[in-house]
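This report refers to the structure that appears directly beneath it.
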Amino acid sequence: MRDLRLETMLGCFTGFWRSKQNFCPLALAAVLFLCPAAYAQAVPSEPPAPPAAKPVSPEMAAFERARQSVDKFFEQATNVVCTENVSQGVVGKNGKVDYREDSVFDYQLQTNANSGSLKLVESRDTRKAAFRDSSRTLLITNGFTAMLLIMHPSYESSYTFAAAGQESMDGVTYDKIDFKFVSGATSPAALQLRGHNYPLPLSGTIWIEPQSGAVAKLVATLDSSLSDLGLTGMRSEIHYALVRFHDPDESYWMPISAVIDVETPRQHWRNIHRFTGYKRFRATIRVEDLEVTKP
């Protein structure tokens, strides 16, 4: 069986054909820049009045709360494990899945910020392996639960964000924010082909719970075709929901599903990831003084 791999691990998307083209992972990169300005002026007799603050829309206020909670999301994600059900499908010309393979994993998203930059790794232990048809070429997708990297401070200059109104889902009204990739900027999503990096120009929409700033839904698509790389279209839709834990009582917003569609001139894949059975764990260390008896 041949596989096409598309993933966002260590803050990137990575893909490769196991037949002819090889794609290698791209490490997370953070861009930090300063724009200093120096000028001379006469000292005024009275200080100028500060410019009037521009009004902030409710949507952008919710977005700022969401941006501030991104680090908290990745911190909480390391405290839980869950069951991941993965369906890898091949979509026919009628838009329906003609063939699929199903797998089940024990899943955990692990983070590490000790080096000064956020690093993400997915841990998967196979609980149920899928039946494999060697004649099929399937899509392998990983890391899409970490799409919130789009809002991470490391990529603040890589996207523009704009209010997009409100929308109700399941009786709850969410603020919507559109995001668009800045051409030439550093992206958390990139393909590396034959030693060259190709940033994926992803744009889309984020649905935010106004009070908490939690992201409930994120949709991202390619701005333009990358047909020269064999990729004509990609769309990902990730849903998040409030997961409640007890003893102590806490609530985390965690991913519950991710649907990824990828198209090439000859093929269309649709993978569906579902995350259930969240369990929280805490590691404790106990230090004891041992009495040493000399012989």
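Give 141, 111 a once-over and let me know the one that is in contact with a Leu (Cβ under 6 Å, 6 or more places away or on another chain) and within 21 Å of residue 259 (Cα to Cα).
Within the list 141, 111, the selection yields 141.
Spot the failing condition for residue 124; the list is (1) loosely packed, with under 13 Cβ neighbours inside 10 Å; (2) in a strand (DSSP E or B), and only one is missed.
(1)
Please work out which one of (1) assigned to a strand (DSSP E or B); (2) at pLDDT 90 or above; (3) among the aliphatic types (A, V, I, L, M) is the condition residue 140 fails and give its number.
The single condition residue 140 does not satisfy is (2).
Within the range 82-96, count every residue that is crowded, with 16+ Cβ neighbours inside 10 Å and either closer than 20 Å to residue 261 by Cα or at pLDDT below 90 (or both).
8
Mind checking whether some residue in the range 224-233 is buried (at least 16 other Cβ atoms within 10 Å of the Cβ) and under 18 Å from the mean Cα position of the chain (by Cα)?
So far as the range 224-233 goes, no, none of its residues is buried (at least 16 other Cβ atoms within 10 Å of the Cβ) and under 18 Å from the mean Cα position of the chain (by Cα).
Consider only pairs whose beta carbons are under 7 Å apart and that are at least six residues apart or on different chains; among these, list those whose first residue lies in the range 150-169 and is more than 16 Å from residue 64 (Cβ to Cβ) and whose second residue is polar (S, T, N, Q).
154/117; 158/186; 158/187; 166/173
List pairs: first in the range 64-80 and more than 20 Å from residue 248 (Cβ to Cβ), second part of a helix (DSSP H, G or I), Cβ under 7 Å, 6+ apart or cross-chain?
As it stands, the answer is 66/151; 67/151; 70/148; 70/151, since those pairs meet every condition given.
Taking the range 86-116, which residues are part of a strand (DSSP E or B), of a type outside the set (Ser, Thr, Tyr) and more than 18 Å from the chain's Cα centre (by Cα)?
Result: 88, 89, 90, 91, 97, 98, 100, 101, 102, 104, 105, 106.
The values are calculated or read from the model by the stated rules, or taken from the named source; none is laboratory data. All values reported here derive from a predicted model rather than from experimental measurement. Virtual Cβ from ideal backbone geometry, glycine too; neighbours counted across all protein chains shown.
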